[in-house]
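Notes for the one structure printed next.
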Number of protein chains: 2
Amino acid sequence: MTNPVIAEVTRGGIVESRHRGAFAVVDHTGHVVAAEGAIAAAVFPRSAVKAFQCLAMVNSGAADRFGLTPEEIALCCASHNGEPDHVRVARSILKKAGNGEDLYECGAHWPSAEQTRFDLIREGHQYQQVHNNCSGKHAGMLALARQLGVDPHGYSTREHPVQQLIARTMGEICDVGLDAQPWGIDGCSVPTWAMPLKNMALGFACLSDPAFDAGRRIIEAVQAHPFMVAGTNDFDTLLMTEVPRVFVKTGAEGVYCGCIPHARLGIALKIDDGASRASEVAMASVLAGLDVWTEKERETLQRFRHHELTNWRKFEVGEVRGLSL
Amino acid sequence: MTNPVIAEVTRGGIVESRHRGAFAVVDHTGHVVAAEGAIAAAVFPRSAVKAFQCLAMVNSGAADRFGLTPEEIALCCASHNGEPDHVRVARSILKKAGNGEDLYECGAHWPSAEQTRFDLIREGHQYQQVHNNCSGKHAGMLALARQLGVDPHGYSTREHPVQQLIARTMGEICDVGLDAQPWGIDGCSVPTWAMPLKNMALGFACLSDPAFDAGRRIIEAVQAHPFMVAGTNDFDTLLMTEVPRVFVKTGAEGVYCGCIPHARLGIALKIDDGASRASEVAMASVLAGLDVWTEKERETLQRFRHHELTNWRKFEVGEVRGLSL
């Protein structure tokens, strides 16, 4: 099955590049409300399912025991830009659960926020693991290890009780046995299990069930602190700031998940070629096409469906746009 | 027509992302030696045809009049990393032709070479137009303006005699009337005319005709100075360093062109979605599949067909690979 083109890039009025992909919009019963492409094929969810990894921690009682705030829970779901506020909150989570930065197993990279990166370079500092976009998630995993009373060392490996509990939690909410699924190692060294888009979407529909306290707590934490989940000028942060009733989370290689709690719908999307520029506008297109918004929300979503491409002199040369299917 | 998958990205042993595309290998008579996908569809060649933009300058006599060295001619064909040697050579071209950096119309961006970028940031400098990856090409265009005896201001616009001469030169060698083709504005503000891959490939086959002095001069300049055309750790530079009989040049949005002078073959390739990670390994695959190499060259090309994907802790997590078709 060849997935349809769901986003494209123009230049000089013609289409220069095309992005194929698939998406599923599913309700909490598993009914597929809207879909295109191969939604039963297994794809790696990557960082788009950090909310499920966080769910294992919240369900365990760790968030209550260590008194994690909504801001801190939001950072546990984040692919953040490594800005000072992200680093501050990650350190707070570590401290509350009695963990040190030396326990991190996420690896280190430069903060993606340019200003923060330049400040570090100018001051002669090196990046640290706490700057890793996943440092909040890993702080949550370390808190989970403490709650489980196990040695935190090796918490990132597939065999560790932390990852085993996450796999069970994710498998249950998405209704898929992850033990039998292909798995790989993510950028931050934890396992990522492949599953169909329709199952990811089901998981997000279930997460947003109003009767599910832990799910509501996570979604409301992110919606209250959209800066924490990404950062300055980031698509997730901008979209949730302007459309507060939506929850969205990007993942590497063109994966995008989200939910619409008031409509009890979950969404999962994957761009075949892995491009984030395409997954962002395609997610906005999928959202805009659903009949669950106020007029103002829909107008805002339409705006997120495309953005200008400018060149080095700020000339408008084309656009990136999500397609209506 | 749906182009085939010509490169893919794996994780944990399964394919995570797929890149579709088309390519044409053409001889100097226009005969298609090998091809996949829509090679008659017009695509923007972007920076992959800088050699043709340089050809207009060399043909005009500007290279001789201003005494441009092979190193300088190579930089005119470059998408360089903005490293100190690139900046030095760009300034030399400008100076020889009596032009100043204030005439540049390419726009400015940070050098893509990390070390150079960090040095600028640490020293409190801002990036300049001479750091633009196209600053060599633009220095060549300014030299062409001087040779033509026209006002260099506005040399980047479609109507200027410099761009008009480039369009004629490119149209002739590729056997396509560019006036009737769609055009757009490139990242560095000059026009880019869309044309079929088979015509781009024909152009490169003709450029490498041993009887064509200007073409040979350009190709040999780049082959003698592969660092100039890209830079440290760049695919073009590495490939031409290890396989000196090939000429390759990348372009934005997944375009890749090249030629094999000893076989009089030209090559043009475009990844549908615009990904460079795919165009690189796909180009290596196309080259490796041709029956024109020594055993050692073929082994080297096979090595360039794939590279490991590692995560932040340098774990091998998958690979990017060009496919054999």
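At-a-glance table
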item	result
Solvent-accessible area buried by A and B, counting both chains, probe 1.4 angstrom, square angstrom	3600
Label geometry 7 Å along the beta-carbon vector: A:Asp213 inter-copy distances in nm	8.7
Whole-number D in µm² s⁻¹ for chain A, Kirkwood Cα-pair radius fed into Stokes-Einstein, 25 °C, 0.890 mPa s	124
B:Phe212-B:Asp291 FRET efficiency (beta carbon distance; Förster radius 30 Å; 0.05 resolution)	0.80
Rough spin-label spacing in nm, given labels placed 7 Å along Cα→Cβ, for A:Glu319 and A:Asp102	5.5
Per-residue mean of C-beta atoms belonging to partner chains within 10 Å, peptide B:7-20	6
Region A:268-325: C-alpha pair distances exceeding 17 Å, %	44
Per residue value of the accessible surface for the protein assembly as shown (all protein chains in place, 1.4 Å probe), Å²	36
Most to least accessible of A:Glu297, B:Glu299, A:Glu101 (protein chains only, probe 1.4 Å)	B:Glu299, A:Glu101, A:Glu297
Potential extension, B:Glu123-B:Glu299 segment - 0.36 nm per residue separation minus Cα distance	59.0 nm
Nm distances between copies for B:Arg303, ranked from closest, using label points 7 Å along Cα→Cβ	5.3
Region B:1-148 - convex hull of the alpha-carbon atoms, volume per residue in Å³	174
Chain A: most fluctuating residue of A:Val255, A:Val292, A:Val15 per GNM, C-alpha cutoff 10 Å	A:Val15
Rounded to the nearest 10 Å², the accessible area of B:Glu114 at probe 1.4 Å	100
Ranking by accessible area, most exposed first, for A:Trp312, B:Trp110 with a 1.4 Å probe	A:Trp312, B:Trp110
Per-residue SASA entry for B:His262, accessible area with 1.4 Å probe, Å² rounded to 10	90
Solvent accessible area, Å² - A:Tyr127, 1.4 Å probe, full protein context	70
For region B:125-132, 3J(HN,Hα) per residue [Karplus equation, 6.51 cos²θ - 1.76 cosθ + 1.60, θ = phi - 60°, Hz, x = Gly/Pro]	8, 9, 5, 10, 4, 5, 7, 3
Average partner coverage of A:187-195, which counts Cβ from other chains inside 10 Å	3
Other-copy label distances relative to B:Phe315, 7 angstrom Cα-Cβ extension, nm	4.6
Helical contribution to [θ] at 222 nm, DSSP H n ≥ 4, -39,500 (n - 2.57), averaged over chain B, rounded to 500	-11500 deg cm²/dmol
Candidate residues A:Ser79, A:Ser112: accessible-area rank, largest first, probe 1.4 Å	A:Ser112, A:Ser79
Average partner coverage of A:84-90, which counts Cβ from other chains inside 10 Å	0
Enclosed volume per residue, in Å³, of the convex hull spanned by Cα atoms of the protein assembly as shown	146
Heavy-atom accessible surface of region B:22-82: percent carbon and sulfur, 1.4 Å	50
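The values are calculated or read from the model by the stated rules, or taken from the named source; none is laboratory data. Please read these numbers as outputs of a predicted model, since none were measured by experiment. Methodologically, a virtual Cβ is constructed for each residue, glycine included, from the backbone with ideal geometry; neighbour enumeration extends over all protein chains shown. Ligands, DNA and RNA are stripped out before the accessible areas are found, and what is left, the full protein with its side chains, is counted by its heavy atoms. Shrake-Rupley method; radii C 1.70, N 1.55, O 1.52, S 1.80 Å.
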